[in-house]
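The values are calculated or read from the model by the stated rules, or taken from the named source; none is laboratory data. Just so you know, these numbers come straight off a predicted model, no measurement behind them. Glycine also receives a Cβ, built like all others from the backbone with ideal geometry; neighbour counts cover every protein chain displayed. Just the protein is used for accessible areas: all its heavy atoms, side chains included, with ligands, DNA and RNA removed. Shrake-Rupley method; radii C 1.70, N 1.55, O 1.52, S 1.80 Å.
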Amino acid sequence: MSGSRDWDADRAVESLYAAHWRQLVRLSVLLVRDLGTAEEVVQDAFVAMHGHWRRLRDPDKALSYLRQAVVNRSRSVLRHRGVVDRHAARERLPDPAGPADEPALARARREVVLDALRALPGRQREVLALRYYLDLSEADIADALGISRGAVKSHASRGAAALRVLLDGADL
């Protein structure tokens, strides 16, 4: 966003939205596992950035700010969802068996991988999503999550190792 210091908030957010909205929604979908919620998370991040544009220390880092805001807001959604799920579980009857027809093989594979990804600790899941889904560098991931590059390497290594173990016996 070269020259972004001269931009007003409307123009800057409009440009960022056009260029990065879809990518940020994909990131949030990986974390919250719901397209509608992910779109809300990203929209809220853009609205917040617009409202704080004048206070943004380095407008050239607006995309990093957005990524971090999306990750943080996704975490908040997951925390809220966890509270709701715990309360609902007390009143819920056991789920009946799934349909007799198995889903398509590709969908089944995807679900196995996503389930394994969901089983990882949050930080490992976030690092792997940013690295392998958005293809971000270690430096960009560190910036987006507010952690060191060494921590990114550590979380990525541990997460990948845990995924291999979780997927080892899976029928892929």
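Determine the share of the chain's accessible area contributed by carbon and sulfur atoms, expressed in whole percent, with a 1.4 angstrom probe.
50
Where does the chain land at 222 nm, in deg cm²/dmol rounded to the nearest 500, when only DSSP H runs of n ≥ 4 count, each adding -39500 (n - 2.57), divided by all residues?
Helix contribution divided over all residues of the chain: -23500 deg cm²/dmol.
Treating only the Cβ atoms of Lys and Arg (+1) and Asp and Glu (-1) as charged, compute the dipole magnitude of the chain about its Cα centre; round to the nearest 20 debye.
600
To the nearest 10 degrees, how steep is helix 9-32 against the longest Cα principal axis of the chain, on a 0 to 90 scale?
20
State, as an integer percentage, the relative contact order of the chain based on alpha-carbon contacts under 8 Å between residues 6 or more apart.
Here the relative contact order equals 23 percent.
Sorted by mean Cβ packing within 10 Å, highest first, what order do the peptides 82-89, 32-39 take?
Descending packing order for the listed peptides: 32-39, 82-89.
For region 12-88, give the magnitude of the charge dipole about the Cα centre (Cβ charges: +1 Lys/Arg, -1 Asp/Glu; no others), in debye to the nearest 20.
It comes to approximately 300 debye.
So how much slack lies between residue 85 and residue 57, counting 0.36 nm per residue of separation and subtracting their Cα-Cα distance, in nm?
Stretched out fully, the residue 85 to residue 57 stretch lengthens by 6.2 nm.
How large, in Å, is the chain by the Kirkwood hydrodynamic radius built from its alpha-carbon pairs?
It works out to 17.9 Å.
I'd like the Karplus ³J(HN,Hα) series for region 57-69: coefficients 6.51, -1.76, 1.60, θ = phi - 60°, whole numbers in Hz, and an x wherever there's a Gly or Pro.
4, 9, x, 5, 9, 4, 5, 4, 4, 4, 4, 5, 5
Counting only the heavy atoms of the protein chains, how much of residue 154 is accessible to a 1.4 Å probe, in Å² to the nearest 10?
Approximately 40 Å² of residue 154 is accessible to the 1.4 Å probe.
With point charges of +1 on the Cβ of Lys and Arg and -1 on the Cβ of Asp and Glu, referenced to the Cα centre of the chain, which listed residue (41, 121, 169) lies farthest in the positive direction of the dipole?
121
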